[in-house]
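The values are calculated or read from the model by the stated rules, or taken from the named source; none is laboratory data. All values derive from a computational prediction rather than experimental measurement. Glycine also receives a Cβ, built like all others from the backbone with ideal geometry; neighbour counts cover every protein chain displayed. For the accessible areas, the whole protein counts, side chains as well, though only heavy atoms, and no ligand, DNA or RNA atoms are used. Shrake-Rupley method; radii C 1.70, N 1.55, O 1.52, S 1.80 Å.
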Amino acid sequence: DQIGYRRIVLICLVGAGAFTIPQAFVHNVWAFLALRFGVGLFLGGIIPTANAWIGRLFPAEKRGMVYGLSYSASFGGMFIGPLLGGFLAARLGFGSVFLVTGGLMLATVFWVRYGIRPVDPLRTWR
């Protein structure tokens with residue numbers, strides 16, 4: 001709450017993207033594992049922070065609907081992501097999967113920064 005949801009989500013997205021893109025270029029299993037570990041550290045902060053942010057953005061009577069949409073989008077991504085990743089890997093090689101994934105994370109930084117309104121940390125819906 002003191003740091004702000006937007007700042008945490010932005011830091012996590014930049015960190016996850018920054019650790020994902022180099023995975024396209026490494027050929028050492030230990031370097032790859034270190035990069036995957038770094039991605040995991042940053043990805044772990046996105047969903048809980050986004051859920052807390054949703055709780056502040058919407059009044060209680062709309063939160064269930066918004067959380068439902070959020071989780072539907074997450075599970076849709078868990079379905080479409082591997083399909084798209086498999087297609088990219090088959091057509092363009094495994095490195096393309098990491099480049100596209102990292103690029104999408106970094107593109108999301110701009111959407112979060114400029115497309116989502118900030119939350120007043122003192123305001124909570126009751």
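The table for this structure:
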| read-out | value |
| --- | --- |
| Residue match in region 35-49 (condition: open to solvent by 50 Å² or more (accessible area, probe 1.4 Å) and within 18 Å of I116 (Cβ to Cβ)) | yes |
| Residues being surrounded by fewer than 17 Cβ atoms within 10 Å (Cβ to Cβ) and either free of Cβ contacts under 8 Å to residues at least 40 places away in the same chain or under 17 Å from G115 (Cβ atoms) (or both) - total across region 11-21 | 2 |
